[in-house]
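The values are calculated or read from the model by the stated rules, or taken from the named source; none is laboratory data. Quantities reported herein were computed from a predicted structural model and do not represent experimental measurements. Counting neighbours? That spans all protein chains shown, and the Cβs are built from the backbone with ideal geometry, glycine included.
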Amino acid sequence: MLKATRFLWEKTRRIQNQFAEALEIPQDALLDLPRITMIGDAQLYLENHKGIIEYSTEKIRVSVLGGSLEIIGKDLTLKNIKPDEIAAYGTIKQLVFVK
Amino acid sequence: MLLARILNFFWGFCIIRVAGSRKERFINLVITEKIPLWDIRQIDEEELWAKVYVSDIGKLRHIARKSRCPFKIIAKRGLPFLLLRAEKRKGLVAGIILFMIMLYGLSSFVWFVDVQSEKPLELLTKEEILAEAESLGLKPGQPKGKIRTDELARKMAVNLPQLTFVSIEIQGTLAKIEVVEKKVVAEEDKERPAHIVAAKDGIIEEILVLAGDPRVKVGDTVQKGQVLISGIALSKKIDSQTGEPIEEGLPKIVEAKGIVRARVWYEAVVATPVIETGQRKTGAKKEQWSVRLGNQKQIIISGPRTAPYQSYEEERQSRTIKWRNLNLPVEIVHTIFYELETYRYNWGREGALKKARAEAIEELKAKMPINSKITDSKVEVLEESDKLIKVRVWIETREDIAVKQYFQPETD
């Protein structure tokens, strides 16, 4: 059952992907993908997030479409949180997508 | 970002401390409830600090219960809290308000009245103008709103006929009265008894009498101060028998007028070296910047430490650093060293004479009226050696030597 839903979900995504490519629409707009903007290693803005999983000064884990995003660094603070956007300040060392 | 901070200040916010192991859930719940939460910072394992608006504290209590993360308000910031605190210190607030009211109130009065004039006042004194202004109602302590500057200026101009222009301008608490006095009626328009006398020694070349009685003829030698045209004119009548003029009646006292041109001499003794030696700038220069602290230490910033030439001329400019009225004991000194060289120049006899004449004329020109013409010049050698030549230079000019000398007529 779980396998079937997953298969369906992935199929719809593929179709959506093809649509986006054909119509030249930015993928984040259509597919709800996260958009990440970084300013050096000091500031990170993440749009289209699905909630925070974990927060500490060394690691922020944010749920995004199709997995989670790990921000690893030092002295991380959540400068601003809105329903669709997160601003993280500090010294960012790594950015990892976890499926 | 700054704007947001200013808004936050006016709105008022709290810093809260959230404890518990499920603080991520707390944050997520806050997000879904669309409650603004910012500057989230982890302090240690099970504790984080965040900022939140005062108005949202009530909603947070509900979330805290749901996520089992109790929170505590640790600080309150912003204007609403300041106002709350001010309520407890009523005296201070009252003082501030009173101060502002007084400042505003006092600045709506005129406290100073000043008179200004482009030229120095001659017909009136400052006090007279101020007294007139005061009698019209412009004086220290008067509310600004009461003063109609245009009307007042017009009235002042009428009341003080010596003034052609009056303008009143209020600058802050200062009322500035700007005045222009009427031109002083030239005294020359009125006839005043006067002689025309010689300004210098000379020989009369030409005499033109407009008013008065001439006392000299063309060709006369006159001395400085001698009356040329007298202001005491005797009415003359030519005797029909002898053809001689006869003076008759009482003398008429007039202001003598006329032009008297005369030959005038000037002389000067000038000594010039035939062989000139001296020092002159070579054109090479070095600049030095230094800072002097107080009166003692001089710190050289750029340029040579000591004079870079054997013979030199120094030009020094120092500037003190000023801040408002404060004179700092720091001086910036700019020194320019000009290199000098000794030179020797042989003018020759003819050259020296020429130079002496030019120098003498230059010197004498200061004594001559501007429009005088040099008609003749003579150079006489007084002393001569290999090195030095000493000459006397004569210059002859033609110029107007008439000068008015007013006198008091004797009253009989």
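Working carefully through the options B:Lys51, B:Lys126, find the one that is over 30 Å from B:Lys183 (Cβ atoms), surrounded by 11 or more Cβ atoms within 10 Å (Cβ to Cβ) and of a type in the set (D, E, K, R).
It is B:Lys51.
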- prompt: So, of the residues in region A:59-84 that are farther than 14 Å from A:Leu33 by Cβ and within 11 Å of the chain's Cα centre (by Cα), which turns out to be nearest to the other protein chains (Cβ to nearest Cβ)?
  reply: A:Arg61
task: Select from region B:373-393 the residues that are of a type in the set (A, V, I, L, M, F, W, C) and closer than 27 Å to B:Leu208 by Cβ and list them in ascending order.
output: B:Ile374
task: Please give the number of the condition A:Trp9 fails out of (1) part of a helix (DSSP H, G or I); (2) of a type outside the set (D, E, K, R); (3) closer than 29 Å to B:Pro36 by Cβ.
output: (3)
- prompt: Can you name the strands (runs of 3 or more DSSP E) wholly within region B:276-360 that have at least 1 residues being in contact with an Asp or Glu (Cβ under 6 Å, 6 or more places away or on another chain)?
  reply: B:312-323, B:326-346
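Could you check region A:30-58 and list, in sequence order, the residues that are assigned to a loop (DSSP other than H, G, I, E, B), within 14 Å of chain B (Cβ to nearest Cβ) and either more than 12 Å from the chain's Cα centre (by Cα) or among the polar types (S, T, N, Q) (or both)?
Just the residues of region A:30-58 that are assigned to a loop (DSSP other than H, G, I, E, B), to begin with: A:32-34, A:40-42, A:48-51, A:56-58.
Pick out the ones that are also within 14 Å of chain B (Cβ to nearest Cβ) and you get A:42, A:48-51, A:56-58.
If the condition is that a residue be assigned to a loop (DSSP other than H, G, I, E, B), within 14 Å of chain B (Cβ to nearest Cβ) and either more than 12 Å from the chain's Cα centre (by Cα) or among the polar types (S, T, N, Q) (or both), then A:Ala42, A:Asn48, A:Ser56, A:Thr57, A:Glu58 are the ones that fit.
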query: Is it fair to say B:Phe165 is aromatic (Phe, Trp, Tyr), surrounded by 11 or more Cβ atoms within 10 Å (Cβ to Cβ) and free of Cβ contacts under 8 Å to residues at least 40 places away in the same chain?
result: yes
query: Taking into account only those residues within region B:12-36 that are touching a Pro at 6+ places or on another chain (Cβ under 8 Å) and either in contact (Cβ under 8 Å) with a residue 60 or more places away in the chain or in a helix (DSSP H, G or I) (or both), which is surrounded by the fewest Cβ atoms within 10 Å (Cβ to Cβ)?
result: B:Thr32
- request: Identify the single condition in (1) at negative phi; (2) part of a strand (DSSP E or B) that B:Asp39 does not satisfy, given that it satisfies every other one.
  value: (1)
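If a residue has to be among the β-branched types (Val, Ile, Thr) and at the interface with another protein chain (Cβ under 10 Å from one of its Cβ atoms) to count, how many in region B:14-67 make the cut?
Just the residues of region B:14-67 that are among the β-branched types (Val, Ile, Thr), to begin with: B:15-16, B:18, B:27, B:30-32, B:35, B:40, B:43, B:52, B:54, B:57, B:63.
From what's left, at the interface with another protein chain (Cβ under 10 Å from one of its Cβ atoms): B:27, B:30-32, B:35, B:40, B:43.
The number of residues fulfilling the criteria is 7.
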- line: Taking region B:42-75 and keeping only residues that are assigned to a helix (DSSP H, G or I) and not small (Gly, Ala, Ser), one is left with B:Val54, B:Asp56, B:Ile57, B:Lys59, B:Leu60, B:Arg61, B:His62, B:Ile63, B:Arg65, B:Lys66
- prompt: Name the residues in region B:63-84 that are without any contact (Cβ under 8 Å) to a residue 12 or more places away in the chain and surrounded by 11 or more Cβ atoms within 10 Å (Cβ to Cβ), would you?
  reply: B:Leu82, B:Leu83, B:Leu84
- prompt: Out of region A:83-99, which residues are in contact with a strand residue (DSSP E or B) (Cβ under 9 Å, 6 or more places away or on another chain) and surrounded by fewer than 16 Cβ atoms within 10 Å (Cβ to Cβ)?
  reply: A:Asp84, A:Glu85, A:Thr91, A:Lys93, A:Gln94, A:Leu95, A:Val96, A:Phe97, A:Val98, A:Lys99
- prompt: So B:Arg41 clears everything in (1) closer than 17 Å to A:Gly90 by Cβ; (2) touching a helix residue (DSSP H, G or I) at 6+ places or on another chain (Cβ under 7 Å) except one condition, right? Which one?
  reply: (2)
- request: Tell me which residues, restricted to region A:86-98, are more than 10 Å from chain B (Cβ to nearest Cβ) and not aromatic (Phe, Trp, Tyr).
  value: A:Thr91, A:Ile92, A:Lys93, A:Gln94, A:Leu95, A:Val96, A:Val98
message: Here is a check on your reading of the model: is B:Phe109 touching a helix residue (DSSP H, G or I) at 6+ places or on another chain (Cβ under 7 Å) and modelled with pLDDT under 90?
response: yes
